[in-house]
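Data first, discussion second: the structure below is written as structure tokens.
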Amino acid sequence: MKLTGGAIVTRALEDEGIELTFGIPGTHNIELYDALSESSTVRTVLVTDEQSASFMADGAWRATGRMACANLVPGAGLTHAMSGVAEAFMDNVPMLVLGCGVRRDLRWAFQLHDVDQGSIARPVVKGTFRPGTGAELYGTIREACRLARSGAPGPVFVEVPVNLYLFTHDVELRQPDTDVETPGVYGTLLQEAAELIRGAARPLLYVGAGALGATQDVLRLAELLDAPVSTTIQGKGVFPEEHPLFLWPGFGHTAPKFVRKIADQCDVTIAVGCRFSEVGTGSYALEPKGTLIHIDIDPLALNRNFEAEIAIAADAHQALASLIELLGAPRGRDEARRERILTGHADVWEGWLADVGGERVTPAHLLRTAQRVFGPKAVYTADSGNGTFLAMECLRLAAPRHFLAPVDYSCMGYSVPAALGAKLADPEAPVIALAGDGAFLMTGLELLTAVQEGIGAIVLVLRDGELAQISQFQSTAMNRKVASAVHDYELEHFAAAMHAPYLRIHNDDMVETILREADEVARSGRPVLVEVDIDYARKTFFTKGVVKANLHRLPLPDRARFIGRAVMRKFTE
């Protein structure tokens, strides 16, 4: 079969089930775009900046589990997209980063955009590929996609030299035979884990996004053991958060007191699909309780930050299904503990909602009302900063893939493009971006993409005039704020320039009415920008816990110096 390079790549994308490509066409890949225009299943989306292309591809996967593509021109296209690629790498998001390369069939040097793209991408992808001939194009794309999805997932980079797009090639469109190995389940270790768990009085489950494919197993195991469940930030929703055994995202210093008390009584921690990363643990502000059993598909995640008594490199579903069979009969319920969990959550909400009725918008009231207005299918995207941790603490999710946040790479500018990617991938779900007013300045221009593509996403810009998370860290640790104020700007005029509807929420009394109006606009296929006068006076449990954890970790003389400086400034400045 003889096809152009663009047609070959298009067929590979179609056969991989990739439905969305995000990018900006350039002189090197116009042949690919021409071929993609004839595809009935692959949609090209023009973005305003390639950083957003990778964030959109990220959001599409996190919301649906279907991989998407960042379609990039050489050089600047790749370097602009690198923030989103690195986010995907650190948060284990599969993504095809489809780069274009300079001509390899000419002797000329100093070609346009000619940099060593493989070396740039290599540290933040699972693999780099550059086919040498047109006949290799199809198989290379398929092999790269398989690697992206396998094991601990992540992005892959494929560089297609422009000359392969310019000419036709004889090609056989056959799926590659090579298999990517993934860790298996180790029966002996699982038997040891079952024995250890049977001998424990109070197990604790700590579950991350690596258990996305094992939600029913997590639920069965928790109920079998009558074990309280904590999740990572990315793991929100892997265990239903209205369940009487749900504790909190985390169980150390960044969690409420009732969570810490219950966790402290546990004598074995079963960690599944998590890495004990810095952000997920609130700056390592938690330690496994009692003996640690750690299950993760990535062998490199095991015994890194905490030594496990039993470490099992395995797929979460396979491992938990086998473990449940080995454990046998369920334990009796600890009704008193369930009551303490219920009361603890009620007390937290009572404290949050005590702020309702002020001059600005109370975050907990905003998020609780949003869940009532938009329903259980809604997807929320957050940005690096205070909005992520507020949403992490206040949202109550029945399933995963409804809270998308940049966690381990923690990129500002994530929420708006990720929301657009999520909405394109799942058009029936309401999608709400929670953008800080600083982060919005980085990628808010993608509102134009939303208008052009008819993407009915709701963008809540949380206005407090500061980079809230950093500002709170500065004021708490140093009693001084430096370079963290966001200069005032007019969102209403910005929305008008983008031809997008604009709404504003001044206080708590307006929240439900304006959110319902925004919902109506979004249902019509138009994006809507909602300015929210947010009240960040109450710090999150996460912020307070991280400050406390890092302060207590300092040597005593340095701790005294930090505290003394803050106290002195309070009285002198």
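Separation of the stretch 521-560 from the stretch 51-117 is 30 Å, based on Cα centroids.
Based on Cα contacts under 8 Å between residues 6+ apart, the chain shows a relative contact order of 14 percent.
Dipole magnitude for the stretch 2-170: computed about the Cα centre from +1 point charges on Lys and Arg Cβ and -1 point charges on Asp and Glu Cβ, it is near 300 debye. The phi torsions of the stretch 154-161, fed into the Karplus equation with coefficients 6.51, -1.76 and 1.60 and a -60° offset, translate into couplings of x, x, 10, 10, 10, 9, 9, x Hz, rounded to whole numbers, with Gly and Pro shown as x.
For the stretch 355-541, the gyration tensor built on C-alpha atoms gives a rounded shape. Its axis ratio a/c (a ≥ b ≥ c) stays under 1.5. Annotation note: trypsin sites (Lys or Arg not before Pro) in the stretch 283-332 located in DSSP loop regions with a Cβ neighbour count of at most 10 within 10 Å are absent.
The structure-derived value of Cα extents along the principal axes in Å appears in the list [x] 71, 63, 50; [y] 66, 57, 49; [z] 65, 59, 58 under the label [x]. For a quick check of your reading of the filter: which chymotrypsin sites (Phe, Trp or Tyr not before Pro) in the stretch 118-177 sit in a DSSP loop and have no more than 14 other Cβ atoms within 10 Å? Hits after loop and neighbour filter: F167.
If you restrict to DSSP beta bridges whose two residues both lie in the stretch 441-572, what percentage is antiparallel, to the nearest 5? Counting DSSP beta bridges with both partners in the stretch 441-572, the antiparallel share is about 10 percent. Pairs of alpha-carbon atoms within less than 8 angstrom and 6+ residues apart define the contacts here; what relative contact order does the stretch 499-546 have, in percent? Once divided by the residue count of the stretch 499-546, the mean separation gives 46 percent. In loop segments of the stretch 185-293 as defined by DSSP, the GluC sites (Glu not before Pro) with at most 13 further C-beta atoms inside 10 Å of their C-beta are E242.
Counted residue by residue at 0.36 nm each, then reduced by the alpha carbon distance between them, the extension gain from S475 to H506 reaches 8.6 nm. Within the set of other residues whose C-beta is less than 14 Å from the C-beta of A398, count the net charge using Lys and Arg as +1 and Asp and Glu as -1. Value of the local net charge: +3. Rounded to the nearest 500, the helix-only mean residue ellipticity at 222 nm of the chain stands at -12500 deg cm²/dmol, with each DSSP H run of n ≥ 4 adding -39,500 (n - 2.57). For the stretch 2-170, place one equal point scatterer on every Cα, skip the solvent, and apply the Debye formula. What is log10 of I(q)/I(0) at q = 0.08, 0.11, 0.12, 0.15 Å⁻¹? Normalising to I(0) and taking log10 leaves -0.19, -0.37, -0.44, -0.71.
Bridge orientation summary for the stretch 355-541: considering DSSP beta bridges with both residues in this region, about 5 percent are antiparallel.
Put simply, the stretch 14-67 fits an ellipsoid with semi-axes of 19, 16, 7 Å; these come from the alpha carbon gyration tensor as the roots of five times its eigenvalues, largest first. Cβ crowding within 10 Å, taken as a proxy for footprinting-reagent exposure, orders H317, H499 from fewest neighbours to most as H499, H317. Take the Kirkwood radius over Cα pairs of the stretch 232-327, plug it into Stokes-Einstein at 20 °C and 1.002 mPa s, and you get 153 µm²/s for translational diffusion. Considering only the chain, what is the antiparallel percent among its DSSP beta bridges, to the nearest 5? Looking only at bridges with both residues in the chain, the antiparallel portion is about 5 percent.
No value in this document is a laboratory result; all are computed from the given coordinates. In this text, all values refer to a predicted model and were calculated from it rather than measured experimentally. Here Cβ is always computed from backbone atoms with ideal geometry, including for glycine, and neighbour counts include all displayed protein chains.
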